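Trainee: Dropping the structure in here first, questions after.
The values are calculated or read from the model by the stated rules, or taken from the named source; none is laboratory data. Because the structure is predicted, anything quoted here is derived from the model rather than measured. We place every Cβ from the backbone using ideal geometry, glycine too, and count neighbours over all the protein chains shown.
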Amino acid sequence: MDIELTISPLALEGVPEQRPLVIAGPCSAETEEQVMATATQLANNGIRIFRAGIWKPRTKPGGFEGKGVEALPWMQRVKAETGMLTATEVATPEHVCAALKAGIDILWVGARTSANPFSVQAIADALKGVDVPVLVKNPVNPDIELWTGALMRINAAGVTRIGAIHRGFSSVDQKLYRNPPMWHLPIELKRRFPSLPIITDPSHMGGRRDLIAPLSQQAMDLGMDGLIIESHCNPDCAWSDAKQQVLPEVLDFILDRLVVRDSVEATESISQLRKQIDELDSSLMDLLTKRMRVSREIAAYKKQHNMTVVQTTRYSEILDKRGAQGALCGMNPEFVKKVYEAIHSESVRQQIDVMNK
Ligand code: PEP
Ligand code: MN
């Protein structure tokens, strides 16, 4: 099947088309007072789209699972009194129906839901014939096909005002981030679908207030289109995700200091430098080709002398020596090791090929 998406501009009423598109609001709608206080402060600071979780998917039972339909009239009040658009997460067809009925302007599919094609399909079926913007969060696991698949399912239901939210990915060995960004994945998504808006969620990525500003800046530097940031009138007392929420005034401070670079066409000097990179890359290719040729010659020798393909001492020696060499050249030794692991694995594949001929 061809991977294609039919994408229309989000065309959000009353929201200027500028980078970054900002969505802000609490992780969860907790009480009418909390929703109204947060929304009013955000609106006073110029925020145009209000987010709040009404149904909360929690990793473990027993946490606050959202107010449910009781909170929908609070969202309506936000819209009526501040003029902001409203956005919430939907995880089932029932959520979709209730949210649409209440006039929620933007829906998003959460990370735990987009990891499940059955759930995404059920949501897509409920969206048939409805013209509402839908944002699809990346699945919890770093699987771009699953993310793409979720976007395709929603799109195939006829929803063309679609976007992606990048909230980072689960990882076993990360300490700094709650969900490491793995920027190469949203960048690949952008390469596949250049007109798909990608909105970065630094709150769920960092899991900590102090990481919101640097992650937002990184998102802008990488050409992402928007930011969805959790903001609460009393963050320390939030019923969910307390550590990552910021006061509306802090959000204002963060957004004020963002440097938003235009992604205009490359200038003449960049084109010159890119030419140099192209030439260097083709020299790298030449060298790799030569290296593989020598490696195949070694394989022929090993075959003649009945030797195994991999001699582990030789392999460790290469990794260590090249890593150290790389460090002397100003590169991260771990990076150099990874490059050599990849080269070695291709080299082994080619040697096995020679051995079995
Ligand atoms: C949220 O936006 O509050 C949320 C639950 O996010 P995620 O689906 O990214 O975990
Ligand atoms: Mn949250």
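Trainee: Report, by residue number, each residue of segment 50-91 that is under 22 Å from the mean Cα position of the chain (by Cα) and either more than 16 Å from ligand 2 (Cβ to nearest atom) or among the polar types (S, T, N, Q) (or both).
Mentor: Scanning segment 50-91 gives T59, T86, T88.
Trainee: Turning to a different aspect of this structure: So, in segment 254-276, how many residues would count as being at pLDDT 90 or above and either touching a strand residue (DSSP E or B) at 6+ places or on another chain (Cβ under 9 Å) or β-branched (V, I, T) (or both)?
Mentor: Matching residues across segment 254-276 total 5.
Trainee: If you go through segment 227-247 one residue at a time, how many are crowded, with 19+ Cβ neighbours inside 10 Å and either away from ligand 1 (no atom under 16 Å from the Cβ) or among the hydroxyl-bearing types (S, T, Y) (or both)?
Mentor: 3
Trainee: Okay, moving on. Please go through (1) surrounded by 11 or more Cβ atoms within 10 Å (Cβ to Cβ); (2) of a type in the set (V, I, T); (3) more than 15 Å from ligand 2 (Cβ to nearest atom) for V259 and return the number of the only condition it doesn't satisfy.
Mentor: Only one criterion is unmet by V259, namely (1).
Trainee: Six or more apart or on different chains, Cβ atoms under 8 Å: show the pairs whose first residue is in segment 67-79 and among the aromatic types (F, W, Y) and whose second is in a helix (DSSP H, G or I).
Mentor: W74/E32; W74/V35; W74/M36
Trainee: Can you name every residue in segment 21-61 that is surrounded by fewer than 20 Cβ atoms within 10 Å (Cβ to Cβ), under 30 Å from A115 (Cβ atoms) and not charged (D, E, K, R)?
Mentor: Matches in segment 21-61: P57, T59, P61.
Trainee: Output the residues belonging to segment 149-172 that are within 16 Å of ligand 2 (Cβ to nearest atom) and surrounded by 18 or more Cβ atoms within 10 Å (Cβ to Cβ).
Mentor: I165, H166, R167, G168, F169, listed by residue number.
Trainee: Out of the residues in segment 111-120 meeting the condition of being part of a helix (DSSP H, G or I) and of a type outside the set (F, W, Y), tell me which one is nearest to ligand 1 (Cβ to nearest atom).
Mentor: Top of the filtered list is A111.
Trainee: Check I187, I123 and return the single one that is without any contact (Cβ under 8 Å) to a residue 40 or more places away in the chain and either assigned to a loop (DSSP other than H, G, I, E, B) or surrounded by fewer than 20 Cβ atoms within 10 Å (Cβ to Cβ) (or both).
Mentor: When all the criteria are applied, what remains is I187.
Trainee: Between a residue in segment 221-243 that is over 16 Å from Q34 (Cα atoms) and in contact (Cβ under 8 Å) with a residue 12 or more places away in the chain and any residue that is of a type in the set (D, E, K, R) and more than 15 Å from ligand 2 (Cβ to nearest atom), which pairs come within a Cβ distance under 8 Å, given they are 6 or more apart or on different chains?
Mentor: Listed pairs, sorted by first residue: D221/R261; G223/K190; D225/R19; G226/R19.
Trainee: Within segment 199-226, restricting attention to residues that are under 15 Å from C27 (Cβ atoms) and of a type outside the set (D, E, K, R), which residue is surrounded by the fewest Cβ atoms within 10 Å (Cβ to Cβ)?
Mentor: So, considering only residues that are under 15 Å from C27 (Cβ atoms) and of a type outside the set (D, E, K, R), the one surrounded by the fewest Cβ atoms within 10 Å (Cβ to Cβ) is G207.
Trainee: Out of (1) farther than 21 Å from I198 by Cα; (2) part of a strand (DSSP E or B); (3) of a type outside the set (V, I, T), the odd one out for A87 is which?
Mentor: Failing condition for A87: (1).
Trainee: Could you check segment 185-202 and list, in sequence order, the residues that are within 19 Å of I228 (Cα to Cα) and away from ligand 2 (no atom under 16 Å from the Cβ)?
Mentor: Of the residues in segment 185-202, the ones within 19 Å of I228 (Cα to Cα) are 185-187, 189-190, 195-202.
Listed by number, the residues that qualify are L185, P186, I187, L189, K190, S195, L196, P197, I198.
A quick yes/no check of all residues on (1) more than 16 Å from ligand 1 (Cβ to nearest atom); (2) at pLDDT below 95; (3) part of a strand (DSSP E or B):
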{"site": "P9", "(1), (2), (3)": "yes, no, no"}
{"site": "E33", "(1), (2), (3)": "yes, no, no"}
{"site": "W55", "(1), (2), (3)": "no, no, no"}
{"site": "T59", "(1), (2), (3)": "no, yes, no"}
{"site": "A71", "(1), (2), (3)": "no, no, no"}
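Trainee: Run down D286, D236, D252, D281 and say which single residue is in a helix (DSSP H, G or I) and within 16 Å of ligand 2 (Cβ to nearest atom).
Mentor: Selected residue: D236, the only one of D286, D236, D252, D281 that is in a helix (DSSP H, G or I) and within 16 Å of ligand 2 (Cβ to nearest atom).
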